[in-house]
Structure formats: C-alpha cells, structure tokens
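Engineer: The structure that follows is given in the form of structure tokens.
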Amino acid sequence: MQWNDDAMQARLTPSEIEQALDAREFSRVRAAFSEMETADIADAIEQLDSEDRAVVFRVLRREQAADVFEYLEPAYSYFSIIEASLYEVTAIAMKRLADRGLRPGT
C-alpha cells in the first residue's frame, strides 16, 4: 500500500518516522500522525518493522490507536498487539527483577 499523496505533504515519510523513533522523538511522531487520516496512518504503520509498529502504537493517542487498528491488515494488527503486549510484560518483569537486585539469567 502507498500513502495518499495529499497525506504525504508536510508529514513524515516512513523513513523519517523510523529516524524519529530511533532518536526517541516521540512527540514529533505523535504530532505528525495527529495530522494524518486514519487509513494513511495504518498504511504507514504497515511499512514499518515490527518493533517500530509496537512503538508507534504506544505513541498514538488511545482513541487514535483504536481507530488505526481497525484499518490494519489482519496480520499486522494481530502481531502489533502481541508485540506491544510482550514488550510491556518484558519491561515490567525486568523492572521487578531489578527492584529485587536480580539480573536476568541469575
């Protein structure tokens, strides 16, 4: 799928989204997506790798993420939720281990 040409004007390209995520410029990504149509956001998310898709879902406003989810191809939507959930669970587990003075694998 390709983005609508009108949606591309003055917004981030998939490459720019990846760069912004790598630079942890989450507010920039959120601002760019806030100006886009839901279907165009879904198209953009489908062009990202799985890790970036999970991050983008965390960056979106909750209502917007729910709307975008409805537009995603079934494989992308299913895996994005699984990936986001696994990331969250892993982060919580790692924090709890660290709080107890433990390291993974010990």
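Only the coordinates and a few stated rules stand behind these numbers; no lab work does. Keep in mind it's a predicted model, so treat the numbers as computed, not measured. Ideal geometry is used to build each Cβ from the backbone, glycine not excepted, and the neighbour counts take in all protein chains shown.
Engineer: Between Glu16 and Leu97, what is 0.36 nm times their sequence separation minus the Cα-Cα distance? Round to one decimal in nm.
Structural biologist: Answer, rounded to one decimal: 25.6 nm.
Engineer: If you take every residue apart from Asp67 with its C-beta less than 11 Å away from the C-beta of Asp67, what net charge results, scoring Lys and Arg +1 and Asp and Glu -1?
Structural biologist: Neighbourhood net charge equals -1.
Engineer: Moving on. How many nm is it between the label spots at Arg61 and Asp49, if each spot is 7 Å from the Cα in line with the beta carbon?
Structural biologist: My value for the distance between the label points is 3.1 nm.
Engineer: Now a separate question. If each residue of separation counts as 0.36 nm, what is the full-extension length gain between Glu70 and Phe26 once their alpha-carbon separation is subtracted?
Structural biologist: Stretched fully, the Glu70-Phe26 segment lengthens by 13.6 nm.
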